[in-house]
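The values are calculated or read from the model by the stated rules, or taken from the named source; none is laboratory data. Predicted model only: the values in this text are computed from it and were never measured. Positions of Cβ are backbone-derived with ideal geometry, glycine not excepted, and every protein chain shown enters the neighbour counts. Areas reflect the complete protein model, heavy atoms only, side chains present, ligands, DNA and RNA absent. Shrake-Rupley method; radii C 1.70, N 1.55, O 1.52, S 1.80 Å.
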Amino acid sequence: MRRHPWQVRDSGQLLLVVAAGVCLVAAVAQTAAGGLKDPRIAIAFGALIAFGEVLRLNLPGDRESAPIGFAGALAYALLIRVGSHVIQYGAEQVVTVAAIGMIIGALPHLAVGRPARVSGMAARLLCVACVAYIFRPLAGISAVDQHWGLAFTLMTSLTVVALLLEAVLTALLRVDEQRARFRVALVDEMRVQLPLGAAVGASALLIAFAAEVMGLAALAVFTAPLLVTQVAFRRYAGIRATYLQTVRALAKVTEIGGYVEAGHSERVSRLAVAIGRELGIHEPQLLELEYAALMHDIGQLSLHDPIPGGATVLVSRQDQQRIAELGADVIQQAQVLGSVAEIVRRQNEPYRDVDLAANGRAGLVRSSGPSGPPLSSRIIKAANAFDDLVGSSLDPSRAAAAVQRLRLDTASEYDPSTVEALSRVVNRRSVML
């Protein structure tokens, strides 16, 4: 039975947004009942949070982050004094101010047609709420107020907890969105978020401590380095996005020249990445897999006569390997994609060699090379063969027949685990049609 799009919406995102909404409603109600305390400080930090949300950036892997806003919200949750003034507000006011700042900062994005990224805002709000509800009751205790070492230890620990919680929540969202494995998603999140997270945590702590000496001027002074760091991250993300667009444009050459069916490279790339996630490949290797899948047919440009339909699965092993070698040589010329060239070079190697001559009709099975072709090469081999057989067709029966045909060749040509991962990906897509 097929399911409609509304039946397959990400339940994890919905649960996260609902949890943040419940927390916000309770905080707003308590703040309204008790009145806004220290309004000048609340407005200053709310403006900083809104400013940070306006300047949110996209990190590699389509991750959304708001470093300045998150740092400002954490600092507001961790304040003890501003000048000689002792902070009197509670955790519910922290959540209210942070949420209002995030909403105001999201409005310009909505005005120009960008997505609000509510799930990312909800994750950050829950992290801030966690810190606020733990720290605000302790902030008025004399032991914390008067002992710098104890306050620093407690505040640093809570900042680390908040950053780890954000990584966990974001990893859970990616598991829900992309069907990635949680352990793999969490490691990838921590790897990507660690440099920026360290800057966010350090900025939050510096603002919270410096506010006692510098007052609200600490917001501007210690936000500036984080702004510079964010600009550097934005530039890196832009370069990486441009690089991927260039690879995609290069992959289109085989389609424009009539060597492969329109959309073939993009379909193989998407399918290969989905299989890679199913098999638990980490993000750096997934990016290499995506590059290799996009350019896996670039060697066909050297052919005098295009293969009918571009279906390399239908030509001889020697021709397949020659195309792969030529494609790898082209990629190797860039001198920055050595690993991608090796993936493309070995994409047509069989998973196992079957030497019929050595053992009669029964055959003698041996691995291709010391450890067989790389996993990424095996994935591209299966994804390419599947698309050669199915093309742009959305017929579930045709897709099932193609998978079954690949299963018949798992004794030698295709990696059984890769074919089974392909089957699971195809089945999920069939359910969502």
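Sub-8 Å Cβ pairs linking a first residue in the range 155-183 that is buried (at least 22 other Cβ atoms within 10 Å of the Cβ) to a second residue that is of a type in the set (A, V, I, L, M, F, W, C) and modelled with pLDDT under 85, at least 6 apart or interchain, are Arg174/Ala180, ordered by first then second residue.
Any residue at all in the range 56-76 that's open to solvent by 50 Å² or more (accessible area, probe 1.4 Å) and in contact (Cβ under 8 Å) with a residue 24 or more places away in the chain? Within the range 56-76, one or more residues are open to solvent by 50 Å² or more (accessible area, probe 1.4 Å) and in contact (Cβ under 8 Å) with a residue 24 or more places away in the chain.
Among the residues of the range 223-246, is any surrounded by fewer than 20 Cβ atoms within 10 Å (Cβ to Cβ) and in contact with an Asp or Glu (Cβ under 9 Å, 6 or more places away or on another chain)? Yes, the range 223-246 contains at least one residue that is surrounded by fewer than 20 Cβ atoms within 10 Å (Cβ to Cβ) and in contact with an Asp or Glu (Cβ under 9 Å, 6 or more places away or on another chain).
Residues in the range 14-28 that are open to solvent by 30 Å² or more (accessible area, probe 1.4 Å), over 27 Å from the mean Cα position of the chain (by Cα) and touching a residue at least 24 places away in the same chain (Cβ under 8 Å): Ala26, Val28. Where helices (runs of 4 or more DSSP H) fall wholly inside the range 322-433, the ranges with 1 or more residues that are at pLDDT 85 or above are 338-345, 375-390, 396-407, 416-432. Name every residue in the range 49-86 that is within 20 Å of Ser119 (Cβ to Cβ) and among the charged types (D, E, K, R), in order of residue number. Glu53, Arg56, Asp62, Arg63, Glu64 - these are the residues of the range 49-86 that are within 20 Å of Ser119 (Cβ to Cβ) and among the charged types (D, E, K, R).
Out of the residues in the range 41-55 meeting the condition of being open to solvent by 10 Å² or more (accessible area, probe 1.4 Å) and without any contact (Cβ under 8 Å) to a residue 60 or more places away in the chain, tell me which one is nearest to the chain's Cα centre (by Cα). The residue in question is Val54. Is it the case that the range 279-293 has a residue that's farther than 23 Å from Glu177 by Cα and over 17 Å from the mean Cα position of the chain (by Cα)? Scanning the range 279-293 turns up at least one residue that is farther than 23 Å from Glu177 by Cα and over 17 Å from the mean Cα position of the chain (by Cα). So Gly140 clears everything in (1) surrounded by fewer than 17 Cβ atoms within 10 Å (Cβ to Cβ); (2) within 28 Å of the chain's Cα centre (by Cα); (3) small (Gly, Ala, Ser) except one condition, right? Which one? The single condition Gly140 does not satisfy is (2).
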